[in-house]
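Comments concern the structure below.
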Amino acid sequence: MRLILWGINYAPEPTGIAPFNTGLAEWLAARGHEVEVVTTFPYYPAWRKRPEDRGRLYRTDRCAGVAVRRCWHYVPARVTALRRMLHEASYLATSLLRLLTLRRPDVLLVVSPPLPSGVPAWVVSRLWRRPYVFHVQDLQPDAAVGLGMLRPGRFTRLLYALEGLAYRKAAAVSGISDGMLAAFRSKGVEDARRVFFPNWVADVLPGAAGAQVRAAARAGFAARHGLDCGQPLLVYSGNVGMKQGLGVLLEAAAVAPPESGKLLQWVVAGDGAGREALVRQAQERGLGAVHFLPLQPDEAFAEMLDAADVCVITQQAGTGQFFFPSKLLTVLGRARPVLAVADADSELARAVREGGFGLVASPAEPAAVAAAARAMVEAAPEVVEQWGRRGLEWVGRFGRTAVLEEFERRLLEIARRR
């Protein structure tokens with residue numbers, strides 16, 4: 001099978017959608033398929049291009065058997081709704097031109113966001129007389145409305161019309177969670193064209209670190225970053241943007257502890273469009289219990305998770321039905337308990353409740369977040385061990401080989417039906 005993956009994020013971007021686009025392309029290439037990727041120069045999550053990429057219009061990299069066609073796009077220094085639209089439009093314009101120079105594939109795989117890529121994908125698929133699969137990582141228009149970035153009106157209706165066209169014309173529409181598949185059904189996608197393609201974890205999970213390993217990780221991590229090794233450590237790692245709603249952690253950190261309570265230390269390790277403002281807010285409020293770190297490389301990231309008492313995953317209120325954070329899988333793969341700061345009806349909250357690997361608190365109630373955090377760090381050791389064990393059991397269904405083999409099978413079916 002010859003496949004072209006068209007998506008805005010790819011390696012070496014360390015987080016978000018890029019690792020999964022990269023993993024899929026390289027896995028298919030290793031299986032003997034011919035794979036090309038049309039993407040941009042890396043910029044996420046910092047929203048900055050590397051110095052060596054600035055001013056470059058096009059470039060081809062070859063990585064792990066994959067031809068990676070990189071295209072210039074506009075990256076705003078400060079992200080607003082308008083600049084985000086210009087950012088996506090520039091990507092679609094330059095990458096579409098590059099796409100049209102390539103030999104036609106058996107299947108075109110389009111990764112959304114950006115949502116508008118569905119329209120040129122349909123046009124190209126008609127020119128090539130080849131099918132396209134529309135893979136959705138975020139329900140972008142629903143999320144934008146939920147975040148308050150868009151209000152109902154003509155432009156919002158236009159976005160939903162573009163979404164509907166992308167879904168109708170695709171040979172298949174895939175999503176990363178059960179909630180997304182239910183949303184596709186409500187938007188008119190028949191069951192035969194709906195494909196469950198979740199993000200994945202390694203086939204062999206590291207599991208829970210032993211007490212001595214955790215103690216060593218804790219001591220080393222605390223010493224390097226000026227933390228108190230004897231006080232509870234709550235860690236968030238990932239993108240620092242609007243949809244994460246990380247401001248609630250500042251509010252929770254400001255909640256006064258009980259007289260006999262330990263001091264909760266909050267670590268935010270990441271980068272993104274909202275990081276600068278979040279750091280400034282913490283400084284202005286004198287929140288010394290909140291510590292900011294850059295995204296950690298793999299080895300340091302593993303040490304940080306082992307050092308943590310609790311891993312925190314946040315979602316902005318009103319958006320939990322449109323996102324499913326892939327970072328949850330990584331955290332559970334190391335058997336860490338999870339504090340989910342998310343709406344009660346969100347997929348994240350539902351997963352935590354059903355899996356039994358942590359607690360849920362509302363993003364609208366900072367005091368409840370602080371109380372849940374304190375309850376978790378003060379839980380009995382056997383309860384903490386049970387949270388970790390249940391998390392490992394829950395995440396086991398997302399093993400890399402099983403997920404990718406099933407998606408490969410669906411792609412081959414579509415290629416044969418063209």
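The values are calculated or read from the model by the stated rules, or taken from the named source; none is laboratory data. Here the structure is a predicted model, which means the values were calculated and not measured. Cβ atoms come from the backbone with ideal geometry, glycine included; neighbour counts cover every protein chain shown.
Of the candidates 352, 360, the single residue that is free of Cβ contacts under 8 Å to residues at least 24 places away in the same chain, under 20 Å from the mean Cα position of the chain (by Cα) and either within 16 Å of residue 254 (Cα to Cα) or surrounded by fewer than 24 Cβ atoms within 10 Å (Cβ to Cβ) (or both) is 360. Any residue in the stretch 389-418 that's of a type outside the set (A, V, I, L, M): show its pairings with residues that are crowded, with 17+ Cβ neighbours inside 10 Å and assigned to a helix (DSSP H, G or I) at Cβ separation under 6 Å, as long as the two are six or more apart or on different chains. These pairs meet every condition: 390/355; 391/332; 394/355; 398/329.
For the residues 235, 213, 255, 204, the requirement of being over 17 Å from residue 331 (Cα atoms) and of a type in the set (A, V, I, L, M) singles out 255.
Within the stretch 291-300, if we keep just the residues that are touching a strand residue (DSSP E or B) at 6+ places or on another chain (Cβ under 7 Å) and either farther than 24 Å from residue 379 by Cβ or at pLDDT below 95 (or both), the residue that is surrounded by the fewest Cβ atoms within 10 Å (Cβ to Cβ) turns out to be 294. Residues in the stretch 208-224 that are at pLDDT 90 or above and buried (at least 17 other Cβ atoms within 10 Å of the Cβ): 217, 218, 221, 222. Considering the stretch 113-162, the residues that are outside any loop (DSSP other than H, G, I, E, B) and polar (S, T, N, Q) include one that is modelled with the highest pLDDT, namely 125. Take residue 79 and tell me if it is of a type outside the set (D, E, K, R), part of a loop (DSSP other than H, G, I, E, B) and touching a Gly at 6+ places or on another chain (Cβ under 9 Å). Judged against the criteria, residue 79 is a match.
Note on the stretch 77-103: residues that are farther than 19 Å from residue 158 by Cβ, of a type outside the set (A, V, I, L, M, F, W, C) and surrounded by fewer than 15 Cβ atoms within 10 Å (Cβ to Cβ) total 3. Scan the stretch 216-252 for residues that are assigned to a helix (DSSP H, G or I) and either touching a residue at least 40 places away in the same chain (Cβ under 8 Å) or of a type in the set (S, T, N, Q) (or both) and the total you get is 11. When 407, 323 are screened for being at pLDDT 95 or above, aromatic (Phe, Trp, Tyr) and under 20 Å from the mean Cα position of the chain (by Cα), only 407 passes.
The rows are residues; the columns are (1) among the β-branched types (Val, Ile, Thr); (2) under 23 Å from residue 134 (Cβ atoms); (3) without any contact (Cβ under 8 Å) to a residue 24 or more places away in the chain; (4) not in a loop (DSSP other than H, G, I, E, B).
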residue	(1), (2), (3), (4)
16	no, yes, no, no
42	no, no, no, no
47	no, no, no, no
68	yes, yes, no, yes
83	no, no, yes, yes
88	no, yes, no, yes
96	no, yes, no, yes
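For the structure I just gave you, tell me whether residue 279 is aliphatic (A, V, I, L, M), without any contact (Cβ under 8 Å) to a residue 60 or more places away in the chain and within 24 Å of residue 208 (Cβ to Cβ). So residue 279 fails the test. Looking only at residues in the stretch 151-171 that are of a type in the set (A, V, I, L, M) and under 24 Å from the mean Cα position of the chain (by Cα), the one that is nearest to residue 140 (Cα to Cα) is 159. Taking the conditions exactly as written (of a type in the set (Gly, Ala, Ser), surrounded by 20 or more Cβ atoms within 10 Å (Cβ to Cβ) and over 18 Å from the mean Cα position of the chain (by Cα)), does residue 342 satisfy them or not? Spelling it out, it is not the case that residue 342 is of a type in the set (Gly, Ala, Ser), surrounded by 20 or more Cβ atoms within 10 Å (Cβ to Cβ) and over 18 Å from the mean Cα position of the chain (by Cα).
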